[in-house]
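What follows draws every value from the coordinates through simple rules; no lab data is involved. As the structure is a prediction and not an experimental result, all values here were calculated from the model. When we count neighbours, we look across all protein chains shown, and the Cβ atoms used for this are built from the backbone with ideal geometry, even at glycine.
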Amino acid sequence: MKKENLWIWDIIVRYVIVALAFLIIPIFYLVFRPLTVGLTGLILSIFYNVQIGGSNLFFPFFNASIEIVDACVAGSAYFLLLLLNLFTRNIKILKRIYLLLFSFACLFLINALRLVIITPLFLNNSAWFDFTHKFFWFVLSIVFVALIWILSIKVFRISEVPVYSDVAFILNKRKSN
């Protein structure tokens, strides 16, 4: 098989995986919810008496609990990083896996730190809690994903652009035939 044909198959396989990936979105929550609860609880235990129960962090001193719901886990952000990874051509499989693990690890740590930052605001009934929570959720979540992707492509020296590189490659091949 010609090298050009292998690239076409690479594109087809990656986009089929993307289509199938929509079926695995619940797995992001299944995997990352307990990890997020655990790491957030561990960090908060440095400052507070915190007990972990399922998806909840209990703070006996404050007689308060925080439930880590799907939005707190940021499953859609993990999914977006997966899509950016799969929509980018010309990455060898092992490098693609490392790129994905690196971007997921960055998001996981940033997300846990986000929860640690807003928890004291919640526990102390701060007037800033609602604003800060929504600002992180609606604004910074997009910024975090973009920055993680930019950092990832710098660290792994990725020069291709998601989707665009595939379309340019196909159009270029069509023109030359």
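Using the alpha-carbon atoms, what tilt in degrees (0 to 90, nearest 10) does helix 164-176 show relative to the longest principal axis of the chain?
Helix 164-176 sits at roughly 10 degrees to that axis.
In degrees from 0 to 90, rounded to the nearest 10, what is the angle of the helix 93-123 Cα long axis to the longest principal axis of the chain?
Tilt relative to the chain: about 20 degrees.
Starting from the alpha-carbon convex hull of region 1-72, give the projected area averaged over all orientations, in nm².
Averaging across all directions leaves 7.0 nm² for the Cα convex hull.
Determine the dipole magnitude for region 3-166: charges of +1 sit on the beta-carbon of Lys and Arg, -1 on that of Asp and Glu, nothing else is charged, the reference point is the Cα centre, and the result goes in debye to the nearest 20.
The calculated dipole for region 3-166 is roughly 460 debye.
Which one, F129, F104, F61, has the greatest fluctuation when you compute a Gaussian network model over the chain with C-alpha springs under 10 angstrom?
Fluctuation is largest for F61.
Return one number: the angle in degrees, 0 to 90 and rounded to the nearest 10, between the long axis of the Cα atoms of helix 3-21 and the longest principal axis of the Cα atoms of the chain.
Helix 3-21 sits at roughly 30 degrees to that axis.
Just L44, L20, L83 to compare: in a GNM of the chain, with alpha carbon springs under 10 Å, which one fluctuates most?
L20
For the chain, which longest stretch is free of loop sites, where a loop site is one of the trypsin sites (Lys or Arg not before Pro) that DSSP puts outside H, G, I, E and B and that has at most 15 other Cβ atoms within 10 Å?
Result, exposed sites excluded: 3-91.
Taking only the C-alpha atoms, wrap a convex hull around the chain and report its volume per residue in Å³ as a whole number.
In the chain, the Cα hull volume divided by residue count equals 120 Å³.
Counting each DSSP H run of 4 or more residues in the chain as -39500 (n - 2.57), what helix-only mean residue ellipticity at 222 nm follows after dividing by all residues, to the nearest 500 deg cm²/dmol?
-22500 deg cm²/dmol
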